[in-house]
1. Here is a list: Ser107, Ser90. Which entry is assigned to a helix (DSSP H, G or I), at pLDDT 95 or above and buried (at least 18 other Cβ atoms within 10 Å of the Cβ)?
2. Check Gly152, Gly119, Gly193 and return the single one that is part of a loop (DSSP other than H, G, I, E, B), of a type outside the set (Val, Ile, Thr) and at pLDDT 95 or above.
3. Can we say Asp51 is assigned to a helix (DSSP H, G or I) and under 30 Å from Pro158 (Cβ atoms)?
4. Determine whether Gln184 is among the polar types (S, T, N, Q), in a helix (DSSP H, G or I) and free of Cβ contacts under 8 Å to residues at least 24 places away in the same chain.
5. Could you tell me which residue of segment 22-63 is modelled with the lowest pLDDT, considering only residues that are surrounded by 16 or more Cβ atoms within 10 Å (Cβ to Cβ), in contact with a His (Cβ under 8 Å, 6 or more places away or on another chain) and under 20 Å from Arg79 (Cβ atoms)?
6. Do the conditions hold for Thr78, that is, is it within 18 Å of the chain's Cα centre (by Cα) and among the β-branched types (Val, Ile, Thr)?
Amino acid sequence: MKIKAVLFDLGGTLVYQKPLETFQRILYNHGIAKSIEEIRQAFDKGGKEFDTQGHAALPMHEFYARWNMAILKHLGITRSVKGLAEEIDSQWYEFSEVCLYREVIESLRKLKQIGLKLGVVTDGYEFDIEQILLKARLEEVFDVCVGADTAGKRKPDPEAFKHALRQLKVKPEEAIFVGDRLEQDYLGAQKVGMKALLIQREGKPPTGVNAISSLNEISDYL
């Protein structure tokens, strides 16, 4: 069946940020000096404890405040934690940088030129999508954008993908999903009947998956 749409994950697929450095800059702005290694370890420990799916229904600011509190705990910061966690959330895009992978503009342009619909399905919130696409100058590119609060579900829940497909008016078998995470992106898309591509720009991909090292390779699967 002819492919009519290509959907993308956002972070790690189209754009990348440096969350450790952003966290560090915001802390420094509040008079707190922590090394990147200290923040990295706090992210690792906090990430293992934080139940992302369990908190998925929370409003955006509460979700991020709780996440930030988990990180701050492992940084040994105990004073005015809730207020600081909320400040980190509110200042995030003021201090963060959003970078495009080098082939993104060319790849999206080529897909648009051949008449394909384009979309984003990400675990971030609609506000995150708006800010990221604005910073990356991609705000006019996509026909649909689905965040955690759009469908009320996060990948790999089928509804996250199905919501985008309904908006685009395409069947699952008429769409390709491209993402950098095996379970959430690749397997999640496959479960709803989409063709899936795992983007892995470095290293060896898992066996048995359709993997690409550049978005320019999407055309090989159309």
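1. Details: Ser90 fails: buried (at least 18 other Cβ atoms within 10 Å of the Cβ).
When all the criteria are applied, what remains is Ser107.
2. Matching residue, one of Gly152, Gly119, Gly193: Gly193.
3. Criteria not met by Asp51.
4. no
5. Within segment 22-63, the match that is modelled with the lowest pLDDT is Gly46.
6. The answer is no for Thr78.
The values are calculated or read from the model by the stated rules, or taken from the named source; none is laboratory data. All of these numbers come straight from a predicted model, not from anything done at the bench. Please note: Cβ atoms are built from the backbone with ideal geometry, for glycine as well, and neighbour counts cover all protein chains shown.
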